[in-house]
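A short reminder: the numbers here are calculations on the coordinates, not readings from a lab. Just so we're clear, the structure is a prediction, and the values are computed from it rather than from any experiment. Please note: Cβ atoms are built from the backbone with ideal geometry, for glycine as well, and neighbour counts cover all protein chains shown.
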Amino acid sequence: MRLALGIAMLAVVIASGVPATAHHSNPHYFDMAKVVTLDGVVLRVRCINPHVILYLQSKNATGEQETWVIHGASLSNAVRQVGLKDRLQPGISVTVRAWPSRV
């Protein structure tokens, strides 16, 4: 009986930790104190659960072309926002405000 109770308690402890590891923290991956504004052309859009990923070609401060990978809202949020998923098509010009990566 004690062994069964011990196994049940262990299972509860393990199961309670799973949801916490499934979600990531924005401040851990992105510098939330800085905001970067990018003007550029959309190269590619990928709707991968759980986020929309936007490939953006922009010019840096020296005028050189660089490609940014922008992790956007969740796919369900993008669909709910006024046609965001339909409007983000390769070739259009956009302005993006984003937090830079901490890497």
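Couple of notes before you dig in:
- Estimated inter-spin distance, THR62 and VAL35, nm [label 7 Å along Cα→Cβ]: 2.8 nm
- Potential lengthening of the chain between VAL69 and ARG102 amounts to 10.5 nm, from the contour at 0.36 nm per residue minus the alpha-carbon distance.
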